[in-house]
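Written below as structure tokens is the structure these notes are about.
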């Protein structure tokens with residue numbers, strides 16, 4: 001039997017879990033994992049269900065729409081094996097990009113990379129050309145930002161990219177473009193937000209004698225570095241570490257935080273809750 005993932009969110013009411021479980025049972029689907037969260041501060045309810053089912057899935061999708069309407073739900077249903085089409089954007093730092101490509105190659109990330117976009121040429125990043133993954137050099141200046149973002153948007157629509165990953169893409173996206181990408185663009189910020197925003201956060205941490213540094217993966221919004229957080233991690237550092245040491249340690253944190261955030265997104269474990277996220281465990 002094939003594995004599917006159902007996610008839903010709505011205002012909390014009695015009977016949501018019972019209705020979802022009964023609909024799956026009526027469609028001869030077997031629940032293998034179910035997680036839920038009731039946010040008492042907003043009265044919002046969130047649920048993620050993995051289930052096995054074949055013949056009954058189409059019937060379930062039809063019957064569940066009536067339940068979704070009754071509870072005023074936002075919901076999605078997806079085959080767990082479905083590859084997601086991804087566009088990766090990068091500037092000169094390639095460590096997150098290379099890590100994502102490796103994880104995709106070994107099957108750890110169930111993605112099809114439909115393109116790489118950079119504001120620098122291939123040789124400046126230190127990459128070798130891969131004929132299987134189109135590379136797009138789209139330089140940008142303040143004067144050409146709108147035109148460059150229109151090119152990226154055209155690429156997204158031409159390739160059918162479902163997710164855009166900013167793998168250390170060191171350009172601030174316009175508010176209009178950020179709104180277009182809302183909920184489907186993940187950025188890795190080389191800082192444990194909300195501290196040390198903007199440029200050179202490791203230098204900021206060193207100047208203030210920080211004893212811990214980290215990285216944050218979040219969804220992109222029009223508010224710079226303030227989108228809903230998906231994943232974070234930290235490492236302890238000490239007085240003898242130089243800014244260069246912090247950058248080296250930070251690269252490792254950035255790789256694993258971004259990969260974890262992308263994986264959670266791909267597996268439909270992340271649900272938006274206003275400016276926060278609900279991230280269901282593995």
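The values are calculated or read from the model by the stated rules, or taken from the named source; none is laboratory data. Just so we're clear, the structure is a prediction, and the values are computed from it rather than from any experiment. Note: ideal-geometry Cβ built from the backbone for every residue, glycine included; neighbour counts use all protein chains shown.
Residues are listed down the side, and each one gets a yes or a no for (1) under 21 Å from residue 12 (Cα atoms); (2) buried (at least 16 other Cβ atoms within 10 Å of the Cβ); (3) at pLDDT below 95:
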{"residue": "28", "(1), (2), (3)": "no, no, yes"}
{"residue": "43", "(1), (2), (3)": "yes, no, no"}
{"residue": "64", "(1), (2), (3)": "yes, yes, yes"}
{"residue": "67", "(1), (2), (3)": "yes, yes, no"}
{"residue": "72", "(1), (2), (3)": "yes, no, no"}
{"residue": "82", "(1), (2), (3)": "no, no, yes"}
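Tell me which of these residue 75 doesn't satisfy, since it passes every other one: (1) closer than 30 Å to residue 256 by Cβ; (2) part of a strand (DSSP E or B). Here residue 75 meets the rest and fails (1).
Have a look at 35, 22 and point out the one that is closer than 16 Å to residue 268 by Cβ and either loosely packed, with under 15 Cβ neighbours inside 10 Å or at pLDDT 95 or above (or both).
Working: 22 fails: closer than 16 Å to residue 268 by Cβ.
Every option except 35 fails the conditions.
In region 53-79, the residues that are without any contact (Cβ under 8 Å) to a residue 24 or more places away in the chain reach residues that are surrounded by 12 or more Cβ atoms within 10 Å (Cβ to Cβ) with C-beta atoms within less than 7 angstrom, at least six apart or across chains, in these pairs: 61/77.
Can you name the helices (runs of 4 or more DSSP H) wholly within region 86-186 that have at least 3 residues being exposed (fewer than 12 other Cβ atoms within 10 Å of the Cβ)? Working first, answer last.
Details: elements: 95-105, 122-125, 145-159, 175-180.
The qualifying helices (runs of 4 or more DSSP H) are 145-159.
When residue 60 is tested against (1) surrounded by fewer than 17 Cβ atoms within 10 Å (Cβ to Cβ); (2) touching a helix residue (DSSP H, G or I) at 6+ places or on another chain (Cβ under 9 Å), just one condition goes unmet, and that condition is (1). Applying the set (1) in contact with a helix residue (DSSP H, G or I) (Cβ under 6 Å, 6 or more places away or on another chain); (2) buried (at least 19 other Cβ atoms within 10 Å of the Cβ); (3) within 30 Å of residue 179 (Cβ to Cβ) to residue 218 leaves exactly one unmet item: (1).
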